[in-house]
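Everything below concerns the one structure shown next.
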Amino acid sequence: MKTKLSLFLMSLMSIISPVKPLVSIAVAFIILDLFFGIWRSVKLYGWKSYRSYKLTHTVSKSLLYAGAIFAIFFLETYVLADILGLFISVDLILTKAFTFFCVFIEIKSINESFEDVTGKNVLKLFKDFLTRTKNDLNEFKN
């Protein structure tokens with residue numbers, strides 16, 4: 001029984017190994033968002049506003065994101081791989097796109113927390129920086 005269980009777990013780990021880095025990236029951004037949320041709560045409302053039961057939202061969000069990433073991975077790998085292969089040569093494109101979507105949601109949340117505390121919108125500042133850089137490059141070319 002022990003041998004069968006270990007064989008099953010090793011087989012499962014080998015099947016999901018291509019998607020483990022994507023899940024790790026999503027969970028890392030969830031944890032980063034957690035730290036920014038705690039920082040925002042403490043800065044704006046003090047330590048009394050920090051409640052440990054709110055951490056369960058982070059656990060459930062991590063499980064939800066990981067489960068969705070695994071589901072899209074299995075769907076893409078075993079159902080849609082041949083169809084997608086006709087049009088796109090990038091492996092796991094749907095899984096990567098969904099992971100990017102999850103990370104983007106967390107980045108927006110981090111930016112909201114940062115803006116609430118400091119008053120600075122980092123995403124807007126980054127966009128302005130890119131626009132200025134593009135304009136400078138166009139002026140340099142002319």
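The values are calculated or read from the model by the stated rules, or taken from the named source; none is laboratory data. Quick caveat: nothing in here was measured; it's all calculated off a predicted structure. Cβ placement follows ideal geometry from the backbone for every residue including glycine, while neighbour counts extend to all protein chains displayed.
Among the conditions (1) under 30 Å from Lys43 (Cα atoms); (2) at pLDDT 90 or above; (3) basic (Lys, Arg), the only one that Lys96 does not satisfy is (1). Within segment 64-109, the residues that satisfy the criterion of being among the aliphatic types (A, V, I, L, M) and closer than 20 Å to Phe35 by Cα are Leu64, Ala66, Val103, Ile105, Ile107. Put simply, of Thr77, Thr99, Thr133 the only residue that is of a type in the set (Ser, Thr, Tyr) and closer than 14 Å to Val23 by Cα is Thr99. If the condition is being closer than 18 Å to Leu92 by Cα, outside any helix (DSSP H, G or I) and of a type outside the set (Ser, Thr, Tyr), then segment 1-37 contributes Pro18, Val19. Among the criteria (1) within 12 Å of Glu106 (Cα to Cα); (2) among the small types (Gly, Ala, Ser); (3) under 13 Å from the mean Cα position of the chain (by Cα), the one Ser24 does not fulfil is (1).
Taking (1) surrounded by 14 or more Cβ atoms within 10 Å (Cβ to Cβ); (2) at pLDDT below 85; (3) more than 30 Å from Val19 (Cβ to Cβ) in turn, Asn121 satisfies each apart from (2).
Of all residues in segment 38-48, those being under 22 Å from the mean Cα position of the chain (by Cα) and in a loop (DSSP other than H, G, I, E, B) number 0.
Contact annotation: residue pairs with Cβ atoms under 6 Å, 6 or more positions apart or on different chains, pairing a residue in segment 20-48 that is surrounded by fewer than 15 Cβ atoms within 10 Å (Cβ to Cβ) with a partner that is among the β-branched types (Val, Ile, Thr) and modelled with pLDDT under 90, are Lys43/Val117.
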